[in-house]
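Values quoted throughout were computed directly from the atomic coordinates according to the rules given, and no laboratory measurement underlies them. For clarity, every value in this text was computed on a predicted model and none was experimentally measured. As a convention, Cβ positions derive from the backbone with ideal geometry for all residues, glycine included, and neighbour counts pool all protein chains shown.
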Amino acid sequence: MISRVLAKEYLKTLKRNTYSILEDQGVFRTDFEIEINKEYIPSVYDRTMSRLNTRAQAEIMLTNLVQSVMQSFSIAHEQAQENEKLRQIKAAEDKIKEREERIRLKKEREEEKRKEEERRRIEDLKSNYLDSANKISRCYL
C-alpha cells in the first residue's frame, strides 16, 4: 500500500510536468490555433514590417528634407552676412572717398584764394610801382 501511495504521488507531479511540457511544445493545439499561427500571424507580421519599413523610409526622407532646408537656410544666411560685410566695406570706402573729395575741394579753394590774393598783391604792387613811376617821371618832367 505504501508503494502504491508513493507511486501515485510521484506520477501526479510527473503528470503535471509532462502536461506542461507537451502543452508548451504545441501538442494540444487545435486546428484553429495551428491555422492562425501558420497563415494569419505571418501575414500580420509581414504587413507590420512593411508599414514599419515604409515609415522608416518616410522618416529618412523627412530628415533629409529638413537637413536640405537647413543647409539652404545656412547658405542664404552666410550670403546675407557676406553681402552685409561688402555693403559696410563699400559704405566705408564711399565715406573715405567723400572725405578725400572734400579735402581736395578745400585745398582747391584755398589754392584759388591764395592765387587771388597773389593777383591782388601783384596788382597792388603794379599800381604802387606805376604810381611811384608816375611820381618819379613827373619829378623829372
Taking the Cα centre as origin and putting +1 on Lys and Arg beta-carbons and -1 on Asp and Glu beta-carbons, what dipole magnitude results for region 2-140, to the nearest 20 debye?
600 debye
Against the longest alpha carbon principal axis of the chain, how many degrees, from 0 to 90 and to the nearest 10, is the axis of helix 41-140 turned?
10 degrees
Quote to one decimal, in nm, the extra length available between MET61 and THR48 on full extension: 0.36 nm per residue of separation minus the C-alpha distance between them.
2.7 nm
Within region 6-111, chymotrypsin sites (Phe, Trp or Tyr not before Pro) in DSSP loop having at most 10 other beta-carbon neighbours inside 10 Å:
PHE28
Report the extension gain between LYS126 and MET1 in nm, rounded to one decimal, defined as 0.36 nm multiplied by the number of residues separating them, less their alpha carbon distance.
28.3 nm
The chain: angle of helix 2-25 to the longest principal axis, Cα-based, in degrees nearest 10
40 degrees
If I take the Cα coordinates of the chain and project them onto the principal axes, what are the three extents in Å, biggest first?
188, 38, 9
